[in-house]
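The next block holds one structure in the form of structure tokens; read it before the comments.
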Ligand code: SF4
């Protein structure tokens, strides 16, 4: 796994930029003391260790699910009561932490998004364009899938032991389905890229 700047570059920076704009103090204008936004972040009690204070004074983080003492199961129950039981974990489309289940889901349900991630995967083969431009070329090649073959040829139809166990256990399948693939979703303030790596069986390495 190479160094990643995805959350910082594509989420945190644009959010801070927009917040400053909304407050009326775009960068590099100083935000006056006492001027801030309150930002609500959906981290459940299972992941309380991911809840952090903002790193700038013009943002204050609130974690309403933790305030309500809601677990991931409480969230799923609530979403189910609204007819939204299939709500996926939050993540970017082309996340290198996707498991096969997520890749299959994109391929089988959204051809346009699948074409997008296949194209993105091909585009990153030589690594970071900016690094290449400055002579810091990648030693080797980059791939989105852990098999290190192009995404449209990767063995994403391989069903892992964990997935098989969930499929074999009809009673548990519904609950376990939410756990397949990566363990956690990703938000700008709790990036799944910061978590220990998981293998195909959901075990931390
Ligand atoms: S979901 Fe998180 S770890 Fe994955 S690409 Fe997006 S920001 Fe990076």
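Overview of values
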item: Residue 43 vs. criteria closer than 20 Å to residue 185 by Cα and at pLDDT 90 or above; result: yes
item: Segment 88-146, residues that are touching a strand residue (DSSP E or B) at 6+ places or on another chain (Cβ under 9 Å) and surrounded by fewer than 17 Cβ atoms within 10 Å (Cβ to Cβ); result: 90
item: Some residue of segment 47-54 being assigned to a helix (DSSP H, G or I), in contact with a strand residue (DSSP E or B) (Cβ under 8 Å, 6 or more places away or on another chain) and within 30 Å of residue 124 (Cβ to Cβ); result: yes
item: For residue 143: the one exception among (1) under 19 Å from the mean Cα position of the chain (by Cα); (2) not in a loop (DSSP other than H, G, I, E, B); result: (2)
item: Cβ pairs under 6 Å, 6+ apart, first in segment 98-111 and without any contact (Cβ under 8 Å) to a residue 40 or more places away in the chain, second within 16 Å of the ligand (Cβ to nearest atom); result: 106/113
item: Members of segment 62-74 found to be at pLDDT 95 or above and closer than 19 Å to residue 191 by Cα, listed by number; result: 62, 63, 64, 65, 66, 71
item: Residue count, segment 2-31 (criterion: within 16 Å of the ligand (Cβ to nearest atom) and in a helix (DSSP H, G or I)); result: 11
item: Residue check, residue 4 surrounded by 12 or more Cβ atoms within 10 Å (Cβ to Cβ), within 30 Å of residue 147 (Cα to Cα) and touching a helix residue (DSSP H, G or I) at 6+ places or on another chain (Cβ under 6 Å); result: yes
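The values are calculated or read from the model by the stated rules, or taken from the named source; none is laboratory data. Just so it is clear, the structure is predicted and the values come from calculations on it, not from any experiment. Neighbour counts are summed over all protein chains in view; Cβ atoms, including those assigned to glycine, are modelled from backbone coordinates with ideal geometry.
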